[in-house]
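Notes follow the structure.
The values are calculated or read from the model by the stated rules, or taken from the named source; none is laboratory data. This one's a predicted model, so the numbers in the text were calculated from it and none came from an experiment. We place every Cβ from the backbone using ideal geometry, glycine too, and count neighbours over all the protein chains shown.
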Amino acid sequence: MPAPDDFDKELGQLLAVFGKNARALRERIGASQEQFALLTGIHRTEVGAIERGKREPRLSMLLILAQGLGVDPAELLHGLHAPEHRRAPTHSKAR
């Protein structure tokens, strides 16, 4: 069984790639974080946290980001793969 921090390490790497993709796409449209925040309704600090890989966006946020960038959501996910490690369940079912 993998160590508990294997999942966290892999998640951190995934978030870093996602953030790099988001930043590159935002820069491609020539928007600052502040301009992009106004365009999407996402707070600038949230945009920054996503781009730094410090925040895991929800599905709705993925769609908002893609819409604001004028891209298919797949462009934000470019280079990502499903995590190999899984977070251990926090509870067990009684039978």
From the list 25, 59, 77, 65, exactly one residue is over 11 Å from the mean Cα position of the chain (by Cα) and modelled with pLDDT of 95 or more. Which is it? 25
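Quick grid of which residues meet (1) over 14 Å from the mean Cα position of the chain (by Cα); (2) over 20 Å from residue 81 (Cβ atoms); (3) in contact (Cβ under 8 Å) with a residue 60 or more places away in the chain:
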{"residue": "6", "(1), (2), (3)": "yes, no, yes"}
{"residue": "17", "(1), (2), (3)": "no, no, yes"}
{"residue": "30", "(1), (2), (3)": "yes, yes, no"}
{"residue": "42", "(1), (2), (3)": "no, yes, no"}
Of the residues 53, 19, 48, which is modelled with pLDDT of 95 or more and assigned to a loop (DSSP other than H, G, I, E, B)? 53
Go through the range 1-53 residue by residue and tally those that are more than 14 Å from residue 64 (Cβ to Cβ) and hydroxyl-bearing (Ser, Thr, Tyr). 2
